[in-house]
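Worksheet: the structure to be examined is printed underneath.
The values are calculated or read from the model by the stated rules, or taken from the named source; none is laboratory data. Keep in mind the model is a prediction, meaning the values are calculated, not measured. Here Cβ is always computed from backbone atoms with ideal geometry, including for glycine, and neighbour counts include all displayed protein chains. Only protein heavy atoms, including side chains, enter the accessible area calculation; ligands, DNA and RNA are left aside. Shrake-Rupley method; radii C 1.70, N 1.55, O 1.52, S 1.80 Å.
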Amino acid sequence: MVMMMPRAGRPAIETVAWKSLAYLCMLTFTLLTVAPLVWLAYSSFKPHPVIVRDIFSLPESLYWENYVVAWTRGTMGIYFINSIIYTSTATVLTTLLALAAGYGLAKFRFRISALVYGAFIMGLLVTPHSVLVPLFILETRIG
């Protein structure tokens, strides 16, 4: 029996095993990320007593009252407009800053340009979610 030798001299069976393990890990993380969002979406259409009684049941009918109460009593309209203003401003400013930084790093060579470029790359490795919990704790302590 002749084994095909793919990249770097590894046997084909080893490559298949590593790919299978990688896909299994990605599938697990995808399910762990998506499942709470799906649960949140379909639970939003259930009345509160049904959520408390049977947390994982599907809604028997679409209960839109939760959205009406959140919009009126929770003043979601004001928060919605506020979110649009903040996100559009932050998006425009971030894009302009990124354009300027990208142009400067691409066109000009200076003594520490490799260090600055490396710092940008290291910043991409830090996920925004890993910063949210410490930021939340800090803001709750501040008040």
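Need at least 1 residues that are of a type in the set (Ser, Thr, Tyr) and open to solvent by less than 60 Å² (accessible area, probe 1.4 Å) per element, so show me which helices (runs of 4 or more DSSP H) inside region 36-132 make the cut, counting only ones lying wholly within it.
Working: elements: 48-53, 65-72, 76-107, 113-125.
Output list reads 76-107, 113-125.
Matching residues to (1) at pLDDT 90 or above; (2) more than 18 Å from the chain's Cα centre (by Cα); (3) farther than 30 Å from Trp71 by Cβ:
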| position | (1), (2), (3) |
| --- | --- |
| Asn82 | yes, yes, no |
| Ser88 | yes, yes, no |
| Leu97 | yes, yes, yes |
| Leu115 | yes, yes, yes |
| Val126 | no, no, yes |
| Arg141 | yes, yes, yes |
For region 33-52, pairs from a residue that is closer than 12 Å to Asn66 by Cβ to a residue that is open to solvent by less than 40 Å² (accessible area, probe 1.4 Å) and part of a helix (DSSP H, G or I), with Cβ under 6 Å and 6 or more apart or across chains, are Ile51/Ser43
